[in-house]
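**Q** What follows is a structure written as structure tokens; I'll ask about it next.
The values are calculated or read from the model by the stated rules, or taken from the named source; none is laboratory data. Fair warning: this is a prediction, and the values are worked out from it, not measured in the lab. Cβ placement follows ideal geometry from the backbone for every residue including glycine, while neighbour counts extend to all protein chains displayed.
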Amino acid sequence: MFAVLKTGGKQYKVQSGDTLRIEKLAADAGETVQFNDILMLGGDNTTVGAPFVAGAAVQAEVIDQIKGDKVINFVKRRRKHSSKRTKGHRQQLTLVRVTDILASGGDKTGVKAAVGAGSVAGVAVAAAAPKAEKPAAKAAPAAAGADDLKQLSGVGPALEKKLHEAGVTSFAQIAAWTDADVEEFGEKLSFKGRIEREGWIEQAKELAAK
């Protein structure tokens, strides 16, 4: 029996005993996690989800938290005052071993759901805050103490609003971003690669020091 599961924006075809390198999960080595987004089950009978197979799940044991191969990012600006920057990045990954494929009853096992490490905070906030309070959250950036993020290269009113809605209101927050944060916000706000290209972190450090 095999299953096609979705995690970290990617799809994987797995069987019991398979070992996978996937986007980092919020789990420690030795823990058992459960993937609930199952797109298809195959074997004697094939079941295709719409989009997911109801009640199906894949359970796996977390072997270790690892890093992928280094990727070199080279940026060069063709301007009067040209600049270039070389930066290496190693994606954080989780190594898991598939232990069981459940065709049904996955929603009743009580096993910890496999959640991406970058989305844990967002899940907690979403679970705690009712939908009616969303307008208040958007208004929060206008409170005293919020920096003028439009001072960053390439940031206008629309992009500043997106950053505020994501909880980013100060230069100090951006200056403290790690490679994982850059990757997360690049995907979340649909401007992947722009943070490095515009040099936001370096600019934020200078602005925060003023």
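**Q** Where residues in the range 174-193 are of a type in the set (A, V, I, L, M) and buried (at least 16 other Cβ atoms within 10 Å of the Cβ), which of them is nearest to Lys24 (Cα to Cα)?
**A** In this case the residue turns out to be Val182.
**Q** Identify, please: which residue in the range 174-210 is of a type in the set (Asp, Glu) and more than 19 Å from the chain's Cα centre (by Cα) and is, among those, farthest from Thr86 (Cα to Cα)?
**A** Looking at residues that are of a type in the set (Asp, Glu) and more than 19 Å from the chain's Cα centre (by Cα), I get Glu206.
**Q** Separate question: Considering only the range 117-183, give the helices (runs of 4 or more DSSP H) lying wholly within it that have at least 3 residues that are over 16 Å from Leu207 (Cβ atoms) and at pLDDT 80 or above.
**A** By residue number, 157-165.
Residue by residue, here is whether (1) modelled with pLDDT under 90; (2) within 19 Å of Gly9 (Cβ to Cβ); (3) loosely packed, with under 15 Cβ neighbours inside 10 Å; (4) of a type in the set (D, E, K, R) holds:
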{"position": "Leu39", "(1), (2), (3), (4)": "no, yes, no, no"}
{"position": "Thr46", "(1), (2), (3), (4)": "no, no, yes, no"}
{"position": "Arg79", "(1), (2), (3), (4)": "yes, no, yes, yes"}
{"position": "Ser82", "(1), (2), (3), (4)": "yes, no, yes, no"}
{"position": "Gly88", "(1), (2), (3), (4)": "no, no, yes, no"}
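**Q** Among the residues of the range 53-60, is there at least one that is more than 30 Å from Trp200 (Cα to Cα) and either out of contact with any Leu (no Cβ under 8 Å at 6 or more places or on another chain) or in the same structural domain as Glu196 (by TED's automatic domain parsing) (or both)?
**A** The answer is yes, given that some residue of the range 53-60 is more than 30 Å from Trp200 (Cα to Cα) and either out of contact with any Leu (no Cβ under 8 Å at 6 or more places or on another chain) or in the same structural domain as Glu196 (by TED's automatic domain parsing) (or both).
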